[in-house]
Amino acid sequence: MSLPAALLENALDWRRQLHQHPELGYQEQQTSELVAKVLTDAGLQVFRGLAGTGVIGTLENGPGPVIGLRADMDALPITEKGAPQWKSQKAGVMHACGHDGHTSILLAAACQLAATRNFSGTIHFIFQPAEENLGGARKMVEEGLFQRFPMDAVYAMHNWPGMPVGTLAVNPDAMMASLDSFEITLHGKSCHAAMPESGADPMVVAAELILALQTIPSRRLSPLASAVVSVTQIHGGEAINVIPEQIVLRGTVRCLQTDVRNRVRGLIEDFVTTLPRPFGVSGEIHWYPGYPVTANHAEQAEQVRAVAVDVLGESQVHWQVNPSMASEDFACMMEACPGAYFWLGADGATPSAPLHNAHYDFNDELLPIGITFWQRLVESVLAKA
């Protein structure tokens, strides 16, 4: 299946324009303006304002199922170090995760499907803000995404460095981990560093606790369970000769199974409340629940796999791959609606820089592959009778 040359030129232009003008989560004003204009010009019904800058484009073509295709729009607070001609023009902000490419692919797919209409049913093209740690998908769901736009299934893709262009990976279950963050406060008793017996040292407890938490994945869970507990910040102390009154630890928990996620949370809470006591210190924890496990639904994952085999060839499709311990807020949409999330290989002749890297740039070889895949998926799921 060949795509119109003009469509590919437009997709490339949109991608590089978005890369030059990146916007952080919930600030995607220019991006959503571009998305809304392209969808309107293509003849779609356009709805704006969900989760602030979100855009929904609806394309109806006769009776049939209703599906959603999602692209994320936001950039990251990173200073770009690469030097493409389309380098970011906004200091300290860049598209380091490829959302410029995801948005351009979905825009072009909407235009192509509006022109060809070789399907029967309805497509909602979902352009989501704030995927990067700000929960834009959850906000769209909370604001009534699936009530205002009921869907039988929803799908999303992500470019994936480390896999070659022309390959696709999908699982019938978990693709990415849950994400929760925590803040632990250890309350001790301040004293002179030369007289530790007169106080209660939360710094020693912090050291013990950091090491103890690492025993949760290695000794409290089955080796078949997947969990990562990371303490990433430690704050406390003012004077070099004073044992501080308080220490604050912050970190994250990532799991591939919901039951493991719940168990890890309980174990961390046990450590925080019990380990400090013999030291005369007390501990408390505050949780910041994040994204759930990005777990595909089997039927939709199989649909993705079948179309991928047809488009790319069986040898290019990876089924039952190792999930990533990174996280993705599309999981919030799949909690509310059956769906599937998959990766498109991003490595060309030269391997791509990693996602969230200051040298990363979306591989434009993916544009025709992604557009074609979305078109064929729609034509398969919404096949005419």
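Taking V272 as the residue in question, decide whether it is in contact with a strand residue (DSSP E or B) (Cβ under 8 Å, 6 or more places away or on another chain) and part of a helix (DSSP H, G or I). So V272 fits the description; yes.
Looking at E299, is it surrounded by fewer than 15 Cβ atoms within 10 Å (Cβ to Cβ), over 30 Å from I268 (Cα atoms) and not aliphatic (A, V, I, L, M)? So E299 passes the test. Checking R148, R138, R48 one by one, the residue that is in contact (Cβ under 8 Å) with a residue 24 or more places away in the chain, touching a helix residue (DSSP H, G or I) at 6+ places or on another chain (Cβ under 9 Å) and basic (K, R) is R138 and no other.
Could you run through region 22-36 and say how many residues are assigned to a loop (DSSP other than H, G, I, E, B) and touching a Phe, Trp or Tyr at 6+ places or on another chain (Cβ under 6 Å)? Residues in region 22-36 being assigned to a loop (DSSP other than H, G, I, E, B) and touching a Phe, Trp or Tyr at 6+ places or on another chain (Cβ under 6 Å): 0 in total. Is there a residue in region 247-269 that is open to solvent by 60 Å² or more (accessible area, probe 1.4 Å), within 23 Å of P323 (Cβ to Cβ) and without any contact (Cβ under 8 Å) to a residue 40 or more places away in the chain? Yes: region 247-269 contains one or more residues that are open to solvent by 60 Å² or more (accessible area, probe 1.4 Å), within 23 Å of P323 (Cβ to Cβ) and without any contact (Cβ under 8 Å) to a residue 40 or more places away in the chain.
Going through region 59-84 one residue at a time, which ones are out of contact with any Gly (no Cβ under 8 Å at 6 or more places or on another chain) and more than 22 Å from D41 (Cα to Cα)? Of everything in region 59-84, those that are out of contact with any Gly (no Cβ under 8 Å at 6 or more places or on another chain) and more than 22 Å from D41 (Cα to Cα) turn out to be A75, L76, E80, K81, G82, A83, P84. Of all residues in region 213-224, those that are surrounded by fewer than 16 Cβ atoms within 10 Å (Cβ to Cβ) and not charged (D, E, K, R) total 6.
Cβ-Cβ distances below 6 Å connect the following pairs, each with a first residue in region 107-132 that is modelled with pLDDT under 95, a second residue that is crowded, with 21+ Cβ neighbours inside 10 Å, and a separation of six or more residues or different chains: E132/G25; E132/D74; E132/L76. Looking at A71, is it within 23 Å of V304 (Cβ to Cβ), out of contact with any Asp or Glu (no Cβ under 8 Å at 6 or more places or on another chain) and not hydroxyl-bearing (S, T, Y)? Yes, satisfied. Comparison of L39, L12, L7 shows that the only residue that is assigned to a helix (DSSP H, G or I) and in contact with a strand residue (DSSP E or B) (Cβ under 6 Å, 6 or more places away or on another chain) is L39.
Of all the residues in region 312-331, those that are open to solvent by less than 10 Å² (accessible area, probe 1.4 Å) and in contact with a helix residue (DSSP H, G or I) (Cβ under 6 Å, 6 or more places away or on another chain) number 2. Taken over region 333-352, the criterion of being at pLDDT 95 or above, hydrophobic (A, V, I, L, M, F, W, C) and surrounded by fewer than 22 Cβ atoms within 10 Å (Cβ to Cβ) is satisfied by A336, C337. Checking the stated criteria, A358 turns out not to satisfy the condition of being open to solvent by less than 10 Å² (accessible area, probe 1.4 Å) and modelled with pLDDT of 95 or more. Among the residues of region 86-140, the ones that are of a type outside the set (A, V, I, L, M, F, W, C), closer than 30 Å to H359 by Cβ, open to solvent by less than 20 Å² (accessible area, probe 1.4 Å) and not in a helix (DSSP H, G or I) come to 6 in all. Scanning region 270-296 for residues that are among the polar types (S, T, N, Q) and surrounded by fewer than 22 Cβ atoms within 10 Å (Cβ to Cβ) yields T273, T274, S282.
The values are calculated or read from the model by the stated rules, or taken from the named source; none is laboratory data. Bear in mind the structure is a predicted one, so any value in this text is a computation, not a measurement. Cβ coordinates were reconstructed from backbone atoms using ideal geometry, including for glycine residues, and neighbour counts include every protein chain displayed. The area values use the complete protein model at the heavy-atom level, side chains included, leaving out ligands, DNA and RNA. Shrake-Rupley method; radii C 1.70, N 1.55, O 1.52, S 1.80 Å.
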